[in-house]
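J.: Provided herewith is a single structure, encoded as structure tokens, for subsequent inquiry.
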Amino acid sequence: MQTRETGAKSVLIHIKYFAAIRDIVGKREEQIQVERGSTVNEVLHKLTEIYGERLRNYVFDDKGHLKGNLSILINGENIGRDGYDRTVLRSKDILVILPPIAGG
């Protein structure tokens, strides 16, 4: 699929939200089109443009880095703290943003 604005190809990814993030975005999951070659970091920033300051403050620290208490999974695999900036999403990937989970 081509986007009209850039002529670049895009891919469809699936995003799942849990706990506080679900409350912020108001849904459990969604599918979005992103430019082919987009990293997880770029997609997270796109989501903060869509859902605003509340999500931005929850996901990123003051320097714009992913907060350490979040886990990012792609197709069920945790990509680690360093992976979000270099992991490129492909068509039909499932991106999960997991907030900290407390148990007892």
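J.: Condition first: closer than 16 Å to LYS16 by Cα and either without any contact (Cβ under 8 Å) to a residue 24 or more places away in the chain or surrounded by 13 or more Cβ atoms within 10 Å (Cβ to Cβ) (or both). Now tell me which residues in the stretch 92-104 satisfy that. If you could, list the steps in order and put the result at the bottom.
T.: Residues of the stretch 92-104 closer than 16 Å to LYS16 by Cα: 92-101.
Result: ASP93, ILE94, LEU95, VAL96, ILE97, LEU98, PRO99.
J.: Another question, then. Return the total of residues in the stretch 49-88 being within 18 Å of PHE18 (Cβ to Cβ) and either among the hydrophobic types (A, V, I, L, M, F, W, C) or out of contact with any Ser or Thr (no Cβ under 6 Å at 6 or more places or on another chain) (or both).
T.: Residues flagged as within 18 Å of PHE18 (Cβ to Cβ) and either among the hydrophobic types (A, V, I, L, M, F, W, C) or out of contact with any Ser or Thr (no Cβ under 6 Å at 6 or more places or on another chain) (or both) within the stretch 49-88 amount to 22.
J.: Find all pairs meeting these conditions: Cβ atoms under 8 angstrom apart; at least six residues apart or on different chains; first residue within the stretch 16-37 and within 18 Å of THR87 (Cβ to Cβ); second residue charged (D, E, K, R) and in a loop (DSSP other than H, G, I, E, B).
T.: LYS16/ARG28
J.: Go through the chain and tell me which helices (runs of 4 or more DSSP H), entirely inside it, have 3 or more residues that are out of contact with any helix residue (DSSP H, G or I) (no Cβ under 9 Å at 6 or more places or on another chain) and modelled with pLDDT of 95 or more. If you could, list the steps in order and put the result at the bottom.
T.: Numbers: elements: 19-25, 40-51, 53-59, 80-83.
By residue number, 40-51.
J.: List the residue pairs whose Cβ atoms are under 8 Å apart, where the first residue sits in the stretch 51-63 and is without any contact (Cβ under 8 Å) to a residue 24 or more places away in the chain, the second is among the aliphatic types (A, V, I, L, M) and part of a helix (DSSP H, G or I), and the two are 6 or more positions apart or on different chains.
T.: PHE60/LEU44
J.: Could you tell me whether any residue of the stretch 70-91 is in contact (Cβ under 8 Å) with a residue 24 or more places away in the chain and farther than 25 Å from LYS9 by Cβ? Full working, then the answer.
T.: Filtering the stretch 70-91 for residues in contact (Cβ under 8 Å) with a residue 24 or more places away in the chain gives 70-74, 79, 83-91.
Remaining after also requiring farther than 25 Å from LYS9 by Cβ: 70-71.
Yes: the stretch 70-91 contains one or more residues that are in contact (Cβ under 8 Å) with a residue 24 or more places away in the chain and farther than 25 Å from LYS9 by Cβ.
The values are calculated or read from the model by the stated rules, or taken from the named source; none is laboratory data. Bear in mind the structure is a predicted one, so any value in this text is a computation, not a measurement. So basically every Cβ, Gly included, is an ideal-geometry build from the backbone, and we count neighbours across all protein chains shown.
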